[in-house]
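The values are calculated or read from the model by the stated rules, or taken from the named source; none is laboratory data. Bear in mind the structure is a predicted one, so any value in this text is a computation, not a measurement. Every residue, glycine as well, gets a Cβ built from its backbone with ideal geometry; the counts of neighbours run over all protein chains shown. Keep in mind that these areas ignore ligands, DNA and RNA; they rest on the heavy atoms of the full protein, side chains included. Shrake-Rupley method; radii C 1.70, N 1.55, O 1.52, S 1.80 Å.
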Amino acid sequence: MKRTAVSLAVAAVASGVGANAQNTSSAYDFLDISTSTHAYALGGRNIAIVDPDVTLVDQNPALLGPEVDDQVAFNYMHYMGSGNFAGLRYGMGAGERGAWAAGIRYLNYGSIQGYEPDGTIGVKFSPADVVFEGTYCHDITDRLRGGINLKMVYSTYEQYTAFAMAVDLGINYYNEEKDLSLSAVIANAGGQLKRFDREYARLPFDIRLGYMQNIGSSPFQISINAAHLTKWNLPYYAHDKNNPEVGETLKSSFFSNLFRHLIFGLQYSPSEKFYIGLGYDYKMRTDMSAFSRNFLSGFTVGAGLRVKSFGVGVSYAMPHKSASSLMLNLSCSIGQLVYGYD
């Protein structure tokens, strides 16, 4: 059942986890799943959030800084279907202008039925991925910050294993007076060092841009993030419910391609300690158009609260009517808890 099993595992993980499988799937799409409830609430991907939250470094390594000194964060996500993801990350300041972080993520996709080459039922197995991460960030100027994130990925699907390495490079410009944040990220640059079988699987290399700013003097902020910028044409398949005999049709137009690159977010944050976020990903919604999507497909929502040295965040999405995703973040600033400093 060797080749059949691993093919099923890779296909299931790539299509089920990535939620991008119509045209951007790889064996490593899980690298784009956020570990931050804050980013997930604002559309699932946001590289311009300025917040002392160590989990944001998987979005943009330039979002790390000395302000997250001695912070440890735990994240858990119940993903669509039977996926369960968990991770732990620690961040610490490195002088007045630098910071580093280290983390680990474990992603388990539940039980998958294996089959022999002749079609007979084989044994069940549980594909899983482990990601080890190391991040460093440095303040270039008072408003400009750059960072790098190294990811080492170990995958085990049935009896097959693989190893890959990837690097994220990020930069962030933040004007505190205007509450304006601009970011750029080169994500998942790297490759597979040990393949599953005969062919090397690619990583989801991407270039991303991000913008987030306060709306006047109100407690609201807007964010717009652009992803998949290495490719303009992002067609998708749609199913016409009124004409089921037609089947799926390929959709592609200028405005469709434009909005499938963009992720929108709206945040209400009356103080630095609390936020409520709402996001919309048109690509996610259209990717689900060939499936059983509902009104909530493409939308995400979440909230976060910090009280003294502790923080909690929760976010939720329902890409289609039979599956939803729930994420939880718990964080603690050890320095504040033990020594009482900010």
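Being open to solvent by 10 Å² or more (accessible area, probe 1.4 Å) and either of a type in the set (Phe, Trp, Tyr) or in contact with an Asp or Glu (Cβ under 9 Å, 6 or more places away or on another chain) (or both) holds for only one residue in 53, 69, 32, and it is 32. For the structure I just gave you, tell me whether residue 103 is in contact (Cβ under 8 Å) with a residue 12 or more places away in the chain and assigned to a strand (DSSP E or B). Answer is yes for this residue. Evaluation of residue 85 against the conditions (1) within 21 Å of residue 323 (Cβ to Cβ); (2) modelled with pLDDT of 90 or more; (3) over 22 Å from the mean Cα position of the chain (by Cα) shows that the sole unmet condition is (3).
On inspection, residue 53 passes the criterion of being of a type in the set (Asp, Glu) and within 28 Å of residue 155 (Cα to Cα).
Open to solvent by less than 60 Å² (accessible area, probe 1.4 Å) and at pLDDT 90 or above, is that true of residue 229?
Numbers: open to solvent by less than 60 Å² (accessible area, probe 1.4 Å): no; at pLDDT 90 or above: yes.
For residue 229, the condition - open to solvent by less than 60 Å² (accessible area, probe 1.4 Å) and at pLDDT 90 or above - is not met.
Take residue 8 and decide whether it is at pLDDT below 95 and part of a strand (DSSP E or B). Don't jump to the end; show me each part of the working.
Details: at pLDDT below 95: yes; part of a strand (DSSP E or B): no.
Here the answer is no, as residue 8 does not meet what is asked.
Mind checking which residues of region 56-70 are over 15 Å from residue 139 (Cα atoms) and either touching a Leu at 6+ places or on another chain (Cβ under 6 Å) or modelled with pLDDT under 95 (or both)? Give the steps one after another, and end with the answer.
Step one: list which residues in region 56-70 are over 15 Å from residue 139 (Cα atoms), which gives 56, 58-59, 70.
Once the filter is applied, which keeps residues that are over 15 Å from residue 139 (Cα atoms) and either touching a Leu at 6+ places or on another chain (Cβ under 6 Å) or modelled with pLDDT under 95 (or both), region 56-70 yields 56, 58, 70.
Considering region 215-226, the residues that are in a strand (DSSP E or B) and open to solvent by 30 Å² or more (accessible area, probe 1.4 Å) include one that is nearest to residue 262 (Cα to Cα), namely 224. May I ask you to list the residues in region 185-202 that are at pLDDT 95 or above and either farther than 22 Å from residue 33 by Cα or open to solvent by less than 10 Å² (accessible area, probe 1.4 Å) (or both)? If the condition is that a residue be at pLDDT 95 or above and either farther than 22 Å from residue 33 by Cα or open to solvent by less than 10 Å² (accessible area, probe 1.4 Å) (or both), then 185, 187, 188 are the ones that fit.
For region 72-122, the set of residues classified as hydrophobic (A, V, I, L, M, F, W, C) and surrounded by 21 or more Cβ atoms within 10 Å (Cβ to Cβ) consists of 73, 77, 85, 99, 101, 107, listed by residue number. With respect to (1) open to solvent by 20 Å² or more (accessible area, probe 1.4 Å); (2) within 23 Å of residue 47 (Cα to Cα); (3) in contact (Cβ under 8 Å) with a residue 40 or more places away in the chain, the lone exception for residue 205 is condition (3).
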